[in-house]
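A.B. asks: Have a look at this one before I ask anything.
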Amino acid sequence: MKIVLFCILGVLGLGLTLVLIALLRTLLTPAKQSTWQPKLDPAREKLYGEKLRDMVRYETVSRAGDPQREKFLGFHRLLAELFPLVHEKLEKTEIDGNLLFYWKGKSSERPVVLMGHQDVVPAEGEWLHEPFSGDIEDGKLWGRGSADTKCSVMAFFQAAEELLREGYVPEQDVYLSSSCTEEIGGDGCPKLVAEMERRGVRPFLVCDEGGAIVQEPIGGVKNYYAMIGVLEKGRGGLRLTARSNGGHASYPPKNSPIARLAKFVARVEKKDPMKVEFEPEVRAMFRTLAPYGPFYLRLLFGNLWLFEPLLKKLLPRISPQAGALLKTTIAFTMQSGSDALNVLPQSASLTMDLRYIPHQAMEESNAVIRDLAKQYDLETEVLHANDACEPVSIESDAYALVKKVIGQVFPELPPCPYVMTGGTDARFYQKICDACIRFSPVVYGPAQMKGMHGLNENIDLCSLPGAVDFYKTLIQENR
């Protein structure tokens, strides 16, 4: 008994010692503060806002199974009006509505690809401003595509336009890439990548959407941060089907198809079957942000060596966004059953959207679902799936270049690695590029995050001059 008590006291003493060490390390680590604020430039905001307004007014909704190439060719004619020098001086390639511009530099050793998509998602519901109005009011430009991602397309086209007007010749080759199928996961970007492969081009850096200048990236970390996407989760669509002989609803049996599906959902909701781990990129993100938070965040995130097991349990319960950084997520999206109120279905189905994390990749995650589904006599079908992307090294020259440009264009704005939980076209470029960085140099506050794929999408006009300057500086600094 004395030995057990001695062991318990020893463990408690060790635990207290470790906590005291963590407290001391936190007290000795200087707290930091992000002081960057968007700078106003009314003349440039007006010029860029009017160009973006015209782009938003041109409806470019993409729909699966309906290529609508002529519609996108019309959008290209608008781009030619807005950016005449780009279209006059650069080599243009159009493939089924997808665009690739080549700007020959003095060298082809370190080509850079600047990209953003032309297409947008449908705009439904009641909007404060009509979704394709491009209204400018209260310092914002309103409309579908204003933030996702016609703002980026406008900015890198305008950056090239201004440099061409100055007679600038880039040190390295530059490509402007824009697909028209990103929102439907289509084959537009793969066609552009195939063209680059045909030419033998292997980019040094691809800069796409994903991260941005985000206000309060995690709760308690105030002001703005440049969140640089270095890892993109994979995505899969799975369908579960339950079968039976059907029958009349007046004498229902136990474990009908819908009941089995419901039990499966309840099991997943009650006890998530996916493993929770910290990816190296997530650790880097939390370590970077820790000094900018209040004391409790500096203590927890600044001492992951001690508190990581606790955070694995707490973060998924506190925040869905934080939880998505630590595991493969499961979202139930669509369901179907009987066609009549009083008829038991012979089959009922449920679809799931999975976002794969590298430590539990596509095959393993799908196997977890398949094995669990068997316990409820459910069939599993994989509708589509692509694995998580290879992360970009935060020690790479490409990442260092992006950080350097952020420091030059947005002084006092802290850069931070970030894990993308959504999907981008950049994943297709990973076939030919080791540094596909997801960073759009515009400000995304709560209003922009809420409007993404939702109601009242908008962008702050004060974002636009900095976005143009970022792309100009990136081109100039890539030597």
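A.B. asks: What residues from the stretch 289-319 fall in the zone where the backbone N is under 18 Å from a label point 7 Å along the Cα-to-C-beta line of L24?
C.D. replies: The answer is 299-300, 302-307.
A.B. asks: Okay, next question. State the percentage of accessible surface on the stretch 50-190 attributable to carbon and sulfur atoms; use a 1.4 Å probe and exclude ligands, DNA and RNA.
C.D. replies: With neighbouring chains kept in place, the figure for the stretch 50-190 is 46 percent.
A.B. asks: How much solvent-accessible surface does R243 expose, in Å² to the nearest 10, with a 1.4 Å probe and all protein chains in place?
C.D. replies: R243 exposes around 120 Å² with every protein chain in place.
A.B. asks: Okay, moving on. Could you check the spin-label model distance between R198 and I95? Points 7 Å from the Cα along Cα→Cβ, value in nm.
C.D. replies: Distance between the two pseudo-spin positions: 0.7 nm.
A.B. asks: Taking Cα pairs under 8 Å and at least six residues apart, what relative contact order does the chain come out at, in percent?
C.D. replies: 25
A.B. asks: Find the eigenvalues of the gyration tensor of the Cα atoms of the chain, then list the square roots of 5 times those eigenvalues as equivalent ellipsoid semi-axes, largest first, in whole angstrom.
C.D. replies: 40, 33, 21
A.B. asks: I'd like to know which of L18, S133, L78 lies farthest towards the positive end of the charge dipole of the stretch 12-143, counting +1 on Cβ of Lys and Arg and -1 on Cβ of Asp and Glu.
C.D. replies: Final value for the positive-end residue is L18.
A.B. asks: Moving on to the next point. Under a 5 Å amide H to amide H cut-off, with H placed in plane at 1.01 Å, what residues pair with E59 once short-range neighbours are removed?
C.D. replies: Hits under the 5 Å cutoff: none.
A.B. asks: Right, next: C433's amide H: which non-local residues (gap 5+, or another chain) put their own amide H closer than 5 Å, with H modeled 1.01 Å from N in plane and none for Pro or chain starts?
C.D. replies: none
A.B. asks: Moving to a separate point now. Evaluate Rg over Rh across the stretch 342-422, taking Cα atoms for both radii and Kirkwood's formula for Rh.
C.D. replies: Rg/Rh: 1.25.
A.B. asks: Something else: Tell me the volume per residue, in Å³, of the convex hull enclosing the alpha carbons of the stretch 211-307.
C.D. replies: Spelled out: Cα convex hull of the stretch 211-307, divided by residues, is 177 Å³.
A.B. asks: Separate question: With both bridge residues required to lie in the chain, what share of the DSSP beta bridges run antiparallel, to the nearest 5%?
C.D. replies: Percentage antiparallel, nearest 5: 70.
A.B. asks: Same structure again: Please report, in debye to the nearest 20, how large the charge dipole of the stretch 75-204 is about its Cα centre when each Lys and Arg carries +1 at its beta carbon and each Asp and Glu carries -1 there.
C.D. replies: With Lys and Arg at +1 and Asp and Glu at -1, about 700 debye.
A.B. asks: When all protein chains stay in place, what accessible area (Å², nearest 10, 1.4 Å probe) is found for L378?
C.D. replies: Number for this one is 10 Å².
A.B. asks: Then there is this: Measure of size requested: the Rg and Dmax of the stretch 303-454, with Cα atoms as the atom set and Å as the unit; please supply both.
C.D. replies: 20.2, 67
A.B. asks: What's the ranking of 74-82, 429-437, 292-300, 455-463 by average number of surrounding C-beta atoms within 10 Å, highest first?
C.D. replies: 455-463, 429-437, 292-300, 74-82
A.B. asks: Suppose only helical runs count, i.e. DSSP H with n ≥ 4. What mean residue ellipticity at 222 nm does that imply for the chain under -39500 (n - 2.57) per run, divided by all residues and rounded to the nearest 500 deg cm²/dmol?
C.D. replies: Value at 222 nm, helices only: -12500 deg cm²/dmol.
A.B. asks: Could you give the accessible area per residue of the stretch 257-326, probe 1.4 Å, as a whole number in Å²?
C.D. replies: It amounts to 50 Å² per residue over the stretch 257-326.
A.B. asks: For I258, what accessible area in Å² do you get when you roll a 1.4 Å probe over the heavy atoms of the protein chains, rounding to the nearest 10?
C.D. replies: 90
A.B. asks: State which entries of K39/K327; K71/K104; K222/K271; K39/K233 exceed 31 angstrom in Cα-Cα distance in the structure shown.
C.D. replies: Beyond 31 Å: K39/K327; K222/K271; K39/K233.
A.B. asks: Just want the answer: with Cβ charges of +1 for Lys and Arg and -1 for Asp and Glu, which residue in T380, P391, S336 is farthest toward the dipole's positive end in the stretch 307-415?
C.D. replies: P391
A.B. asks: Given K140/K312; K46/K403; K313/K450, which pairs have Cα atoms separated by over 31 Å?
C.D. replies: Beyond 31 Å between Cα atoms: K140/K312.
A.B. asks: Next up: For the stretch 40-107, what is the relative contact order in percent, using Cα pairs closer than 8 Å and at least 6 residues apart in sequence?
C.D. replies: 22
A.B. asks: Right, something else. Under a point-charge model restricted to the Cβ atoms of Lys and Arg (+1) and Asp and Glu (-1), what is the dipole moment magnitude of the chain relative to its Cα centre, in debye to the nearest 20?
C.D. replies: Once rounded to the nearest 20, the dipole reads 1820 debye.
A.B. asks: Placing unit charges on C-beta atoms (Lys and Arg positive, Asp and Glu negative, everything else neutral), compute the dipole magnitude of the stretch 30-106 about its Cα centre in debye, rounded to 20.
C.D. replies: Around 380 debye, computed over the stretch 30-106.
A.B. asks: Kindly sort K450, K191 by accessible area of their heavy atoms, largest first, with the probe set to 1.4 Å.
C.D. replies: The ordering from most to least exposed comes out as K450, K191.
A.B. asks: Just need the relative contact order of the stretch 88-151 here, percent rounded to a whole number, with Cα pairs under 8 Å and 6+ apart.
C.D. replies: It rounds to 23 percent for the stretch 88-151.
A.B. asks: Going 7 Å from the Cα of K254 along its beta-carbon direction, which residues of the stretch 333-377 have the amide nitrogen within less than 17 Å of the resulting point?
C.D. replies: Counting backbone N atoms under 17 Å from the label point, the list is 375-377.
A.B. asks: Of V276, V113, which has the most accessible area with a 1.4 Å probe, and how do the rest follow in descending order?
C.D. replies: Descending order: V276, V113.
A.B. asks: For the charge dipole of the chain, defined by +1 on Lys and Arg C-beta atoms and -1 on Asp and Glu C-beta atoms about the Cα centroid, which residue among G302, G49, S62 has the Cα displaced farthest towards the positive pole?
C.D. replies: Among G302, G49, S62, the one farthest towards the positive end of the dipole of the chain is G302.
A.B. asks: A further question follows. For the stretch 12-157, what log10 I(q)/I(0) values come out of the Debye formula at q = 0.13, 0.21 1/Å, with one point per alpha carbon and no solvent?
C.D. replies: Scattering profile of the stretch 12-157, log10 relative to I(0): -0.71, -1.39.
A.B. asks: Kindly write out, for the stretch 385-392 in residue order, the coupling ³J(HN,Hα) from the Karplus curve 6.51 cos²θ - 1.76 cosθ + 1.60 (θ = phi - 60°), rounded to whole Hz, with x marking Gly and Pro.
C.D. replies: So the Karplus estimates, Gly and Pro as x, are 6, 9, 7, 4, 7, 5, x, 8 Hz.
The values are calculated or read from the model by the stated rules, or taken from the named source; none is laboratory data. Treat the numbers as computed from the prediction; the structure is a model and nothing was measured. Don't worry about glycine lacking a Cβ; one is built from the backbone with ideal geometry, like all the others, and counts go over all protein chains shown. When the accessible area is computed, the model is the full protein with side chains, heavy atoms only, and any ligands, DNA or RNA have been set aside. Shrake-Rupley method; radii C 1.70, N 1.55, O 1.52, S 1.80 Å.
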